[in-house]
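The values are calculated or read from the model by the stated rules, or taken from the named source; none is laboratory data. What you see is a predicted model; the values in this text were computed from it and never measured. Every residue, glycine among them, receives a Cβ derived from its backbone with ideal geometry; neighbour counts consider all protein chains shown.
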Amino acid sequence: MWKEIYKSKLIAIEEAVAKIKSGDDVIVAQCASEPQGCMAKFHLVKDKVENVRVFSVLTLKPYDFYMKPEMKGHFELCSWFHAPGSREALKAGAGTVTYVPNMLHRAALDRIHAKKPAIFFGTCTPVDSKGFVSLSLGITYEKDVIEAADSVVLEVNENLPRTFGDTHLHVSGVDYFVEYTHEAPTLPEPKPTETDLAIGNYIAELVPDEATIQLGIGGIPNAAALALKEKKNLGVHTEMIVDSMMELYEQGVITNKKKALYKDKFICTFAMGSRKLYDWLDDNMAVEFKRGRWVNDPCVIRQNSKMVSINTCLMVDLTGQVASEAIGTRQYSGTGGQTDTAVGSVEGLDGQGKSLIACYSTAKNGAISTICPVLPEGTAVTLHRSNVDHIVTEHGIAYMRGRTVRERAHNLIAAAHPDFRGELKEKAKKLGYL
Ligand code: COA
């Protein structure tokens, strides 16, 4: 029965893309779940449509529909988190990309509230013997949008792992399928530098045995994972599951056995990493993918025991305002789940939660200090200073929670690069912080 339903819904990619109409809000799955077959052809309908907006948390590829300047007026990429492609298009000033301020756990619901999406394009595994597909590598917002959109197109990719949790969907809940099998997108894991490892060691000092951890995006969180090898019975409640978590599980460091919430299970909303990670996720009952609006809800995160969130920032001012997504008025990435996870952790119900924000002490080959007296004009604050707990650099840990402005400035200067400490002290005095 489901086979007939599936066949009746199977169309060509060109047909699927032709369903986009002028004025539509289209939402696409993000990251490794990106519908690459369809997105690579959106630009082909350019002359038939105007004012189409395409929403995504993070687009992996630089697609023509937003990279080519002639797409202006036809397509606009509305990004919840910029990646290299959208960053480049923004820089070129073609007017085909914009940013959507958001906190990840509310991104989909806020968008649906603003305007009902016309079409959702996503990816899934082939249909199983019971007529279900798995949404595979992510349901951060995808399932919420599937339930809200006027129509749903899924790209079937044989190389996607069949994951568990809330990822299943019956063929009857999908309007159109297209078949597009290709290698699932992978993420190279950069080798940690000496600086990454130094930060990782400070982070390890702050992570107790039996902690439940969340790791953010970037080189530092990977190095932090390496530094956790001697810990016991760690658990995971995270937005993104990555290779280092799988490795710590294989080494017996992560067991999930002491978690207060979903004991014995990894909890995540999406995965991005190597082919080895995807093979490990395939049919793996130890990993539950749940909607981002639940996983990243601070009220849920706080129920975990010894919750420690580990994220990264670009700069921090001497009072503790954390900037992780923008440099001046230039939007570099996005808020993502940083505020969600930091707030959920410091508000841990067991009183043992911690939020760690890691930061290289300098940027631009040592030319500037990332710990700065004030943020550059126009810089968006990702984490309000009232929510900041620990700032960690390769030079130490700056304790912030409950600390006065004077203490904060003092602690941050001690964690700044030695070359900048004198100058920072002078500026802090002038600003009345010290
Ligand atoms: N001033 C100017 N430029 C700066 C800077 C500063 N204070 N700090 C960093 N930069 C530059 C770097 O030199 C680098 O430039 P390059 O690309 O030309 O080399 C660039 O900004 C990126 O810095 P880097 O430290 O390599 O970034 P990363 O890839 O490790 O990512 C964040 C770090 C903060 C951008 C990333 O973690 C992020 O977007 N976080 C926000 C959201 C979040 O944490 N969400 C939770 C998980 S989704």
Within segment 100-109, work out how many residues are away from the ligand (no atom under 12 Å from the Cβ) and crowded, with 16+ Cβ neighbours inside 10 Å. 4
Residue pairs meeting the criteria (Cβ under 7 Å; at least 6 apart or on separate chains; first in a helix (DSSP H, G or I), in segment 1-17; second at pLDDT 95 or above and of a type in the set (Lys, Arg)): Ile13/Lys41; Glu14/Lys41; Val17/Lys41
Please enumerate the residues belonging to segment 309-350 that are under 13 Å from the mean Cα position of the chain (by Cα) and of a type in the set (Val, Ile, Thr). Ile310, Thr312, Thr335, Thr339, Thr341
Given the criteria surrounded by 24 or more Cβ atoms within 10 Å (Cβ to Cβ), among the hydroxyl-bearing types (Ser, Thr, Tyr) and under 19 Å from the mean Cα position of the chain (by Cα), does Ser274 qualify? no
How many residues does segment 235-274 contain that are of a type in the set (D, E, K, R) and in contact with a Ser or Thr (Cβ under 9 Å, 6 or more places away or on another chain)? 5
Residues (more than 20 Å from Ile241 (Cβ to Cβ), within 12 Å of the ligand (Cβ to nearest atom) and crowded, with 19+ Cβ neighbours inside 10 Å) located in segment 316-334: Val316, Asp317, Val322, Ala323, Ser324, Glu325, Ala326, Gln331
Is it the case, given these coordinates, that Ala94 is at pLDDT below 95 and surrounded by fewer than 19 Cβ atoms within 10 Å (Cβ to Cβ)? yes
Using beta carbons and a limit of 8 Å, which pairs, at least six apart or on different chains, have the first residue in segment 364-378 and acidic (Asp, Glu) and the second one more than 9 Å from the ligand (Cβ to nearest atom)? Glu377/Thr329
Cβ-Cβ below 6 Å, separation at least six or inter-chain, first residue in segment 294-309 and closer than 13 Å to Pro208 by Cβ, second among the charged types (D, E, K, R): which pairs? Ser305/Asp350; Lys306/Glu210; Val308/Lys354
Enumeration of residues in segment 351-402 that are away from the ligand (no atom under 14 Å from the Cβ), over 24 Å from the mean Cα position of the chain (by Cα) and either acidic (Asp, Glu) or closer than 21 Å to His417 by Cα (or both): His395, Gly396, Ile397, Ala398, Tyr399, Met400
